[in-house]
1. Place the peptides A:156-164, B:190-198, A:219-227 in order of packing, highest mean first, counting for every residue the other Cβ atoms within 10 Å and averaging per peptide.
2. Go ahead and run the numbers for FRET between B:Ala99 and B:His266, Cβ-Cβ distance against an R0 of 25 Å, rounding to 0.05.
3. Using modelled backbone amide H atoms (1.01 Å from N, in-plane), which distant-in-sequence or interchain residues come within less than 5 Å of B:Tyr225's amide H?
4. Which order do the peptides B:167-176, A:142-151, A:235-244 take when ranked by the mean count of other beta-carbon atoms within 10 Å per residue, highest first?
5. Can you pull the Kirkwood radius for the stretch B:234-336, inverse mean 1/r over Cα pairs, to one decimal in Å?
6. Tell me which residues come under 5 Å, amide H to amide H, from B:Tyr242 once H is placed; ignore anything under 5 positions away on its chain.
7. Based on other C-beta atoms within 10 Å, arrange B:Lys61, A:Lys293 from fewest to most.
8. So, R0 is 41 Å and r is the distance between the beta-carbons of B:Thr278 and B:Glu179; what FRET efficiency does that work out to, to 0.05?
Amino acid sequence: MKKFKYFCLTIATAAIVSLSACNNTPTAEKPSAPDTNSTSTAQVTETTTHSGHGSKEKININTAILSELDKFEAKLGVPALSNKIQASRPYANPEDLVNKKVITQEQFDQIKDQVTVQEVILTGEAKDVDYMTKLGLMKGHLLVAQELLDKNLPKQAEPHIGHPVEEIYVDVEEQLNERKVKEFKTTLVGLQDLVKSNPKNAKVKTDFTASVQSVDGAIAVLPEAQRTKPGFVLQVINELLDSANSEYGAAIADGKIAAAIEYQDSRGFVLYANDLYKGISSQVAQDSPDAHKAIETSLSELTKVWPSAIPPAKPVKTPVEVTQLIKTIEQNSQKVIDKSSTQAQR
Amino acid sequence: MPNNFVLGKEQLFSRRQLLKLGIWGAGFAGTAALWHTLNAHSKSIVKVPPLEIAATNQAVKPMQMLRNFDYGVVKQENGRTVREFQLTAGTSVIQLNSAVSYNVWDLNGRIPGPTLRAKQGERVRILFLNNAGHSHSLHFHGVHPAEMDGIRPVSNGSATIYEFDAEPYGVHLYHCHIEPVTRHIAKGLYGMFIIDPPTPRPPADEIVLVMAGYDVNDDSHNEYYAFNGLPHYFMDNPIPIYQNQLVRLYVLNIIEYDTAVTFHLHANFFDVYRSGMTMTPTEKTDVITMGIAERHILEFAFRYPGKYMFHPHQDAIAENGCMGQFEVITDKPSQT
Ligand SMILES: [Cu+2]
């Protein structure tokens, strides 16, 4: 730990500021920001609940993924606006886009009827990307859990069997029902209980297989055409890599991998991102050879960071280097995604 | 007699706002600290000794967080006072001692998270952004509708808004509620949430102490314990308070994995306001048992100068970092 200079706050009794006006009503409560406008969240809802007369779907700027935000980027013609919107989260209300200087008032006026901070029901491709991403994260957890079970490390595998239920399942439950996927929470919870209490039981293997099949089955309800479309799959890949990036950063302390769980999480996400890319790589190579080259190179560089499910003694790359690689993949994916969405619009 | 401290003519600026201006100023909505002092009885003196605070870029700042309250940004909406708070979950590494560093999840770059403070009946709005990799959430103790209960995961990179009325008054808390909750709490996603009563409590030197444990090897057992984030910190850096000054401690036990701990104060007894939900003390003692997430207001004043320890009387826990001391400074008589 570094030692820093000392601030010495000498506030002796004599030096203390005294306030003469004692009968103050709490005027001190004035907000420091000049925005005393009263756009409450409730009001925003009211103006937005008109449905069914061709009004555009709303996008929640607090939660939307990049490709959804691209709609604003395209409409306003502001380069990298999507990233800028994400970077300025959280927003208390749509007007915060202006208050936080993400866009100008004039620009806001052009998109304001599509912006919300309320929970939105996703539709169309955004909904599928969201669904697939959540299942993809589950896959990542299970991939690394499998590796650890194979290494006869059930104790280390257990949290990764737990994460899909604990962190993800509730978030996707509604969609599973809607898409008529048989619930598999019970399967996952049963597996976790078993690994905790009786990891040597032969049933672990069969239950594990059943869990993986459940997730695969849930993914399979997405139309084949969607699951093989580069522009779609790349959105999912980038979401997975984004999580991997945060987890990897959280795994490292003092130049060592201090948190094995977070290291393993990030490994699982990258493994599955790789799997997904394999399925579309020849198509990307054909349609966008340059982007493909950049993505492929960065992905293989990235994969080296996780040589095994057991963390290496010394990190292969720093979090900054990992972020850089992931950014490169994201930027090149964007080219492919943009291309495929313009094609779709034709 | 702990009561002569309130007599005086000037209204004193609490050291807290100066601290805020000096160190925290940039990051926090400042104005509000005034409110407390102003609302407090106007003819009173709260004496708070000068503090020597090591500036650090660590996420743990035990001394700074002692008297630091986040009152949010106040807005008037439809004739109501709304306090808007912003909490961002992130990741950082803290140094528990010279040999042990530990990855934590922080809130606004801090562990424990900021002590949020509102008044009963106000509207509270919390903008929560998760930049910490896993899914997380913020679950507030208090009374609110189910949708605002904060058990739904907020995925990495996204933000959500929790909004509810501040009720009832008391010392509450907030914490992440993603399973395993033990790990999500123990790695740092928690903080104190104070709702002040409609009639302010008498002026006092108000101090926040949060007891927490660190399970550094993921074995569901704490290796280290701390007040306000850093093991042993207040043993090496005693908390200065004035002799005969009423001290109001806001104490929270958020030690996971151990069923309960006590809070014990040396050479004194304190008045207990259970969960901070009463205006009159419910008991007087020098050891109070606190289960996980239990919190109370404890009031006392020291008659004699000197150093006095405080710690859980589970002495193993104390010796692994959960102990500290007050340094009682002589109250120089300023008038004849
Ligand atoms: Cu959490």
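Just so it is clear, none of the values below were taken in a lab; they were calculated from the coordinates. Since this is a predicted model, take the numbers as computed values, not measurements. Here the Cβ positions follow ideal geometry from the backbone for every residue, glycine too, while neighbour counts run over all protein chains shown.
1. A:156-164, B:190-198, A:219-227
2. Efficiency computed from Cβ-Cβ geometry: 0.30.
3. Amide H to amide H, under 5 Å and 5 or more residues apart or across chains, B:Tyr225 pairs with B:Tyr214, B:Gly321, B:Cys322.
4. Put in order of decreasing packing, that is A:235-244, B:167-176, A:142-151.
5. For the stretch B:234-336, the Kirkwood estimate is 14.4 Å.
6. B:Ile329
7. Going from sparsest to densest Cβ surroundings: A:Lys293, B:Lys61.
8. Plugging the Cβ-Cβ distance into 1/(1 + (r/R0)^6) gives 0.75.
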